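Worksheet for the structure shown next.
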């Protein structure tokens, strides 16, 4: 009698199983990172994180570490503008109540002002590319059909955009 081979089951990290995120894990959009626990700094915890395009660009050598840090600051500013508190894994508190009216918090207004200043310095065209990369997590091959150019041209524009972003954040 011949042995019947069973299909090997995909192995997932425990955190992926707990949250039922097998499909995004299989597509390669998530990564598991070990970080310090905010409540107990002596303890490390596993966290799921969406892989950012700018992290991949850093690992390939397309952008520098400083440019990657500027991209991270820009992403955090967007989180603050949407109502997140300080930090990368922040709890969201969208609006606060003031005399039965909902108003944005001061930190949100401050973040929106900083985003506008950065985008004014970067320029309209580069802002569109910047948002596609940082906010919508699109790589060059996805951006190229949107703006109607080839990948080489788009990569040059991306590099130029990150240089402008770095300069804009330094000036703030």
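The values are calculated or read from the model by the stated rules, or taken from the named source; none is laboratory data. Everything quoted here is computed from the prediction, not taken from an experiment. For neighbour counting, all protein chains shown are included, and Cβ atoms are generated from backbone atoms with ideal geometry for every residue, glycine included.
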With at pLDDT below 95 and within 17 Å of the chain's Cα centre (by Cα) as the only criterion, which of 172, 134 stands out? 134
Taking the stated definitions as given, is residue 28 loosely packed, with under 11 Cβ neighbours inside 10 Å, under 25 Å from residue 138 (Cα atoms) and modelled with pLDDT of 85 or more? no
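Residues checked against (1) under 19 Å from residue 61 (Cα atoms); (2) in contact (Cβ under 8 Å) with a residue 40 or more places away in the chain; (3) in the same structural domain as residue 63 (by TED's automatic domain parsing):
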residue	(1), (2), (3)
124	no, no, yes
127	no, no, yes
141	yes, no, yes
145	no, no, yes
151	yes, no, yes
155	yes, yes, yes
164	yes, yes, yes
Top-ranked residue of the range 84-114 - restricted to ones that are in a helix (DSSP H, G or I), within 21 Å of the chain's Cα centre (by Cα) and within 30 Å of residue 37 (Cβ to Cβ), ranked as modelled with the highest pLDDT: 114
